[in-house]
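Asker: Have a look at this one before I ask anything.
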Amino acid sequence: MGGRLILTPNVTEAGILLGHDAGQLVQDVPELAEKYGAVVSCQGVIAGPGGAAGKSAGKSAGGAAGRAAVGANSGAGASLWEITTGHSGLGTSGSGDVLSGTIAGLRARGSTDAQAACWGTHLHASAGDRLASRLGGLGYLARELTEELPPLMMELGS
């Protein structure tokens with residue numbers, strides 16, 4: 001499975017996968033990436049493992065989303081990015097499914113695992129920001145996130 005896996009756990013799920021509470025995501029997400037040989041996206045923190053999967057992530061994983069994705073290196077050899085957009089309203093039922101589907105769709109279009117995770121996480125977070133500014137922080141539905149994705153992709157792609 002190593003090198004073909006993209007994980008999108010929430011903080012509780014990340015803790016279960018790690019076997020301890022996930023309290024410091026900048027340290028815990030790279031640990032997950034290394035442990036499972038996966039690209040991991042958890043609450044805007046994205047890490048890819050070192051080795052072959054890390055090389056495919058490269059410096060350009062964030063691409064044009066670099067305005068929101070800040071690249072860094074972790075001590076464990078994993079690549080690390082942080083998405084600085086997003087709203088607490090994303091904590092609604094089904095939101096993680098939209099995130100996973102967005103990442104899978106981008107991956108299916110030919111991006112690397114890390115590019116798909118960075119772009120998908122940024123798109124998901126930006127969709128949440130848009131809905132929060134229009135509808136308020138609470139009360140929007142996960143399916144409403146999907147309606148925001150195509151216009152965001154058009155805007156960010158130009």
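Asker: Got a number for residues in the stretch 19-52 being closer than 25 Å to THR85 by Cβ and assigned to a helix (DSSP H, G or I)?
Answerer: The number of residues fulfilling the criteria is 9.
Asker: If THR102 meets every condition in (1) under 24 Å from VAL11 (Cα atoms); (2) free of Cβ contacts under 8 Å to residues at least 12 places away in the same chain; (3) of a type in the set (S, T, N, Q) apart from one, which number is that one?
Answerer: Exception for THR102: condition (2).
Asker: Given the criteria without any contact (Cβ under 8 Å) to a residue 40 or more places away in the chain, charged (D, E, K, R) and either in contact with a strand residue (DSSP E or B) (Cβ under 6 Å, 6 or more places away or on another chain) or within 12 Å of THR85 (Cβ to Cβ) (or both), does ARG130 qualify?
Answerer: Yes, satisfied.
Asker: Looking at (1) touching a strand residue (DSSP E or B) at 6+ places or on another chain (Cβ under 7 Å); (2) of a type in the set (Ser, Thr, Tyr); (3) at pLDDT 90 or above, which is the only condition SER79 fails?
Answerer: Every condition holds for SER79 apart from (3).
Asker: Going through the stretch 98-112 one residue at a time, which ones are outside any loop (DSSP other than H, G, I, E, B) and surrounded by fewer than 23 Cβ atoms within 10 Å (Cβ to Cβ)?
Answerer: Selection gives SER100, GLY101, ALA104, GLY105, LEU106, ARG107, ALA108.
Asker: Another question about this same structure. Does the stretch 133-145 include one or more residues that are more than 20 Å from ALA38 (Cβ to Cβ), touching a Ser or Thr at 6+ places or on another chain (Cβ under 8 Å) and in a helix (DSSP H, G or I)?
Answerer: Within the stretch 133-145, one or more residues are more than 20 Å from ALA38 (Cβ to Cβ), touching a Ser or Thr at 6+ places or on another chain (Cβ under 8 Å) and in a helix (DSSP H, G or I).
Asker: Could you tell me which numbered condition GLY128 fails, if it satisfies all but one of (1) part of a loop (DSSP other than H, G, I, E, B); (2) crowded, with 18+ Cβ neighbours inside 10 Å?
Answerer: Result: GLY128 fails condition (1) only.
The values are calculated or read from the model by the stated rules, or taken from the named source; none is laboratory data. As the structure is a prediction and not an experimental result, all values here were calculated from the model. Note that each Cβ is placed from the backbone with ideal geometry, even for glycine, and that neighbours are counted across all protein chains shown.
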